[in-house]
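A quick write-up on the structure given underneath.
The values are calculated or read from the model by the stated rules, or taken from the named source; none is laboratory data. Quick caveat, the model's predicted, so the values are computed rather than measured. Quick reminder, even Gly has a Cβ in these numbers, built from the backbone with ideal geometry, and neighbours come from all protein chains shown. Heads up: the accessible areas ignore ligands, DNA and RNA and are worked out on the full protein's heavy atoms, side chains in. Shrake-Rupley method; radii C 1.70, N 1.55, O 1.52, S 1.80 Å.
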Amino acid sequence: MIRQVDQALAREFGLTPDEYQNVLAIMGRAPSLTELGIFSVMWSEHCSYKSSRAFLRTLPTTAPWVIHGPGENAGVVDIGEGLAAIFKMESHNHPSFIEPYQGAATGVGGILRDVFTMGARPIANLNALRFGSPDNPATRRIVDGVVRGIGGYGNCVGVPTVGGEVNFHPAYDGNPLVNAMTVGIARQDRIFLSAAAGIGNPVVYVGSRTGRDGIHGATMASAEFDEDAQAKRPTVQVGDPFVEKLLIEACLELMQTDAIVAIQDMGAAGLTSSSVEMAGKGAVGIDLDLDAVPQRERGMTAYEMMLSESQERMLMVLRPDRTEVAQAIFEKWELDFAIIGTLTDTGHIVVRHKGRVEADIPLGPLAEQAPLYHRPTAPTPLREPLGPVSDPVGIEAALVRLVGSPDCASRAWIWDQYDSTVGGQTVRRPGAADAAIVRVEGTRIGLALTTDCTPRYVAADARTGGAQAVAEAWRNLTATGARPLAITDNLNFGNPEKPEVMGQFADAVSGMAEACLALDFPVVSGNVSLYNETRAPDGSTVSILPTPAIGGLGVLEDAATAVGLALAPDLDLVLIGET
Amino acid sequence: MRAGIVVFPGTNRERDMAIALQGATGTQAVMLWHRDTVLPALDLVVLPGGFSHGDYLRCGAMAAHSPIMTAVRSFAEAGGHVLGVCNGFQILTEAGLLPGALLRNAGLRFLSHDCHLRVEREGTAFTRGWSAGDVFRAPLAHGDGNYVADRETLERLDGDGLVAFRYSDAAGRVDAGTNPNGSAGNIAGVFSRNLRVLGLMPHPEDLVDPLMGGIDGKPLFDGLVQALAA
Amino acid sequence: MRVKVTVMLKEGVLDPQGKAIGHALHTLGFGEVGDVRAGRVIELELDETDQGRALSRAEAMAQRLLANSVIETFAAEVLA
Amino acid sequence: MRVKVTVMLKEGVLDPQGKAIGHALHTLGFGEVGDVRAGRVIELELDETDQGRALSRAEAMAQRLLANSVIETFAAEVLA
Ligand SMILES: Nc1ncnc2c1ncn2[C@@H]1O[C@H](COP(=O)(O)OP(=O)(O)O)[C@@H](O)[C@H]1O
């Protein structure tokens, strides 16, 4: 049963009436179901950054050591000796609430792909986690699943999880935050980008087969298809870290050759976003033949294949005379390999399935006319100053209480479930220093890595809190002796259509920008996660605490000079700064 | 000493092992692919850690049936030395080259921290760098390290001195409190009857550099070089 | 009374384990193997004499704990 | 033809997972639960029409790969 495509359906797909009018204008006709699906995901908040783009532009993104800033799959910085560190952070908040283990696991898988797709071998994972009140029984289940999921995926792919942070607050009760960060290493002259080039070049699909996973993620309204179809479309994607490991090895092996023209992982809205972005960036057209797509399930439609979020898949443009070399490598690693299209000079994405053209969209307007909103902002009301604090329990009891509080207590029960030593290069493991230290194999270079944010501060004063999060990352890096180079970020906020939330967002970003400028500590990649809200028992919604998580990276010329935080008996303690 | 490291799909500690071996031998180990059917001339075959075939079904079960395992079995039967670490240990038990089996950790969680191991048998190619009763530190990182075997097998292992290492504390005390994963008799590693095949769960290869926190794992590799240097 | 609860992934949910097992069986020469699905089974000894009640309690346990309804389905049966 | 292979830990082999499930069920108020054993089930689609042959092939697969006789027992049954 196929519903007619109209404004009502567009709304169910998450497009506003204005946005749908724009679609009609671009197409000059009513779109097909598949076309509507493509527009709706490309113009979703997640893919288009329509509420946040205007603000993100204000962040400083350059420095002499920045090789690629935001815009590529991940940020790239020069760490010396002809090497580059490639890193990014990404959220998987909503999936982790629905199914904590798989949500967190696939979050790790996704961020790994962003990094190795650029030619880097992943050498470290970190995370930034926020959970609801420890007193809430649901919190225990979510924490357990998320921690197991991060470990389950990271341990299996053999990338050490070396650091992270965790906070608890009731504002995250119905909306935990799971932000995952991956750092990889590549040679500066072997970095792979996503802009497609070469009319006639083959478009190649590798990795796992496509199923009906996660189609339309959370935006999918239930009324659109009959129940049977709904049941066949689990919104939860299951990750397969084993296949991811094979994919890492196969891609890195292929990257030793000259076969790859462009490459991109299939993330959110898999085949749609990867093909549209690759062709768009290269200003070429792309023809896809969905009959050639490796499929896990029978009877999938063009719509389903274009919107599937099956994990562990990549899209590449290859040199035509190298497809056999590539195919042999993927066969060796027992992964699916299929030529599913070609680059064209039409400037359109054309999707064919079973002899029919299911979509034909001009890529220029699809990108250029993507919505951009300057949403109203309202200032965050200033908090009352705390005033004098009384001391009802005495300093000793207060200290015990503080040390034992969920936000300060030991995190060993978490990092004990993460393999932090695989790779044999972990110089400072979790808990040993203010930032984790990992040596770059075969060199003396050490990377210092940290994730930081104090949401309470951002809630109290978004501008200062945003600046402080950046400064905290910078301090944690410098405390190990590293020279801070750059950050990635994950901006987790509530509903941007609420002016007070948008106000927090705007202020936090401006605070971050200020700190980045002052510290010469640019943003090279990042991710925005909006609409993070907890539903209260009375049906109203409460936004999460504003949480701009910062992932910082610094470099030590010699990893052996890294300083940890263990005190030795013969050392003096020195306090720096005013109290 | 010529060493070969077998890479299965999903193996992930082959580089760690190669670095440790290189440190001891000064030469590069040969990487072997699970589909190979013949081994080059080698003194030592290593099955490294990781998640071969995703650890699906049972850890090591699918890898134990890899084409290369036929060659590894012949190599062992001919008196060759084989070292299996973590997933490699699991593969060796699944292949029947070592007795027993490795079940899910008693606490049902993946464990990643340093442990102490007490050397139970000295003088083998693997343990000549230590004396019996010595204690060393090694990182462990596994979800399925709970060693089980039937009573007869355990008695035979004890009686014949085929237990290589037991989980202990820094002072060498071995009891329930020093058992991280529920292993029978705190067993962390066992030998084959001829003492030429060793499997162990922890990772000495990740502790061979002071920068990474110590060199406790080095005697294993230095000892092998002394024993097997051609 | 003993009951058995079998928990399988829902249809359409990726089953990496089943896929890997199928692949391994092929390699071992069991070419007749098609789709493979892997699941869990939990056998429970219940202090209960009525079959119907045992079953409904087992189902309640599956709903509360043994199965993850987001991605799994379950079936309960009385063993003996 | 579909067959199902159920793999359980041998009697006498400690089953921490079963124990943990039993404990969790008690905490949830299922006081009637006694011993709990956890196992694995593998459902195979076989290109085979004869029940007897399907069963004996499934048993061969269990012996070779699906079960580890050191610690596990298995049972195979034809589903449909
Ligand atoms: N989710 C996590 N995963 C891994 N390590 C973590 C995690 N949370 C905290 N850690 C580690 O615990 C230690 C202390 O964390 P935290 O209290 O947040 O320190 P800081 O604020 O100084 O960064 C750090 O080494 C950190 O990397």
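The figures follow:
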| read-out | value |
| --- | --- |
| C:26, A:169, B:81, D:23, reordered so the largest accessible area comes first (probe 1.4 Å) | D:23, C:26, A:169, B:81 |
| Rg(Cα) / (2.2 N^0.38 Å) computed for the range D:2-78, rounded to two decimals | 1.36 |
| Threshold 50 Å² - residues in the range D:44-80 whose accessible area is reduced by that much or more when the chain is no longer isolated, probe 1.4 Å | D:45, D:57, D:61, D:64, D:65, D:68, D:71 |
| Candidates B:64, B:184, B:41, ranked by Gaussian network fluctuation over chain B, Cα under 10 Å, top entry | B:41 |
| Residue B:192-residue B:151 FRET efficiency (beta carbon distance; Förster radius 25 Å; 0.05 resolution) | 0.80 |
| Protein accessible area in the range D:2-78, 1.4 Å probe - carbon and sulfur % | 49 percent |
| Residue of D:46, D:28, D:65 that the Gaussian network model of chain D assigns the largest fluctuation, springs spanning Cα pairs under 10 Å | D:28 |
| Relative contact order computed over chain B (Cα-Cα under 8 Å; 6+ residues apart), in percent | 21 percent |
| Relative contact order of chain D, pairs being alpha-carbon contacts under 8 Å that are 6 or more residues apart, as % | 53 percent |
| In nm, spacing of pseudo-spin labels at residue A:576 and residue A:372 (7 Å Cα→C-beta vector) | 4.1 nm |
| Chain pair B, A: total accessible area buried, heavy atoms, 1.4 Å probe, Å² | 2600 Å² |
| Angle in degrees between helix A:33-42 and the longest Cα principal axis of chain A, rounded to the nearest 10 | 30 degrees |
| log10 of Debye I(q)/I(0), alpha-carbon scatterers only, for the range B:170-217 at 0.20, 0.32 Å⁻¹ | -0.89, -1.05 |
| Residue among B:60, B:107, B:145 with the largest mean-square fluctuation in a Gaussian network model of chain B, springs linking Cα atoms under 10 Å | B:107 |
| Accessible area of residue C:73 in the full protein assembly, 1.4 Å probe (Å², nearest 10) | 70 Å² |
| Solvent exposure ordering (accessible area, 1.4 Å, most first) of A:101, A:205 | A:101, A:205 |
| Inter-copy separations for residue C:53, label at 7 Å along Cα-Cβ, nm, ascending | 4.9 |
| Solvent exposure of the protein assembly as shown as accessible area per residue, Å², 1.4 Å probe | 39 Å² |
| Alpha-carbon centroids, the range A:269-327 and the range A:522-579: separation in whole Å | 37 Å |
| Leading residue at positive end of dipole, chain D (Cβ point charges), from D:80, D:44, D:34 | D:34 |
| Buried accessible area, chains C and A (both chains, 1.4 Å probe, Å² to nearest 100) | 1000 Å² |
| Between helix A:270-282 and chain A: long-axis angle, C-alpha atoms, 0 to 90°, nearest 10 | 90 degrees |
| Local electrostatic count at residue B:150 - Lys and Arg +1, Asp and Glu -1, tallied over other residues with Cβ under 12 Å | 0 |
| Dipole in debye (nearest 20) - the range D:2-78, about Cα centre, beta carbon charges: Lys, Arg +1; Asp, Glu -1 | 180 debye |
| Chain A, accessible surface, carbon-and-sulfur percent (1.4 angstrom probe) | 55 percent |
| Residue among B:86, B:167, B:136 farthest towards the positive dipole end of chain B, charges placed on Cβ | B:86 |
| Residue pairs, from the table A:245/D:19; A:88/A:354; A:50/A:281, whose Cα atoms sit over 28 Å apart | A:245/D:19; A:88/A:354 |
| Buried area at the C-D interface (accessible, heavy atoms, 1.4 Å probe, summed, Å²) | 2700 Å² |
| Cα centroid separation - the range B:1-17 against the range B:45-84, whole Å | 11 Å |
| Student exercise, the protein assembly as shown dipole from Lys, Arg, Asp, Glu Cβ charges, in Debye to nearest 20 | 700 debye |
| Centre separation in Å (Cα based) which lies between the range B:135-180 and the range A:432-497 | 41 Å |
| Tilt relative to chain A, helix A:241-254 - C-alpha long axis, 0 to 90 degrees, to 10 | 70 degrees |
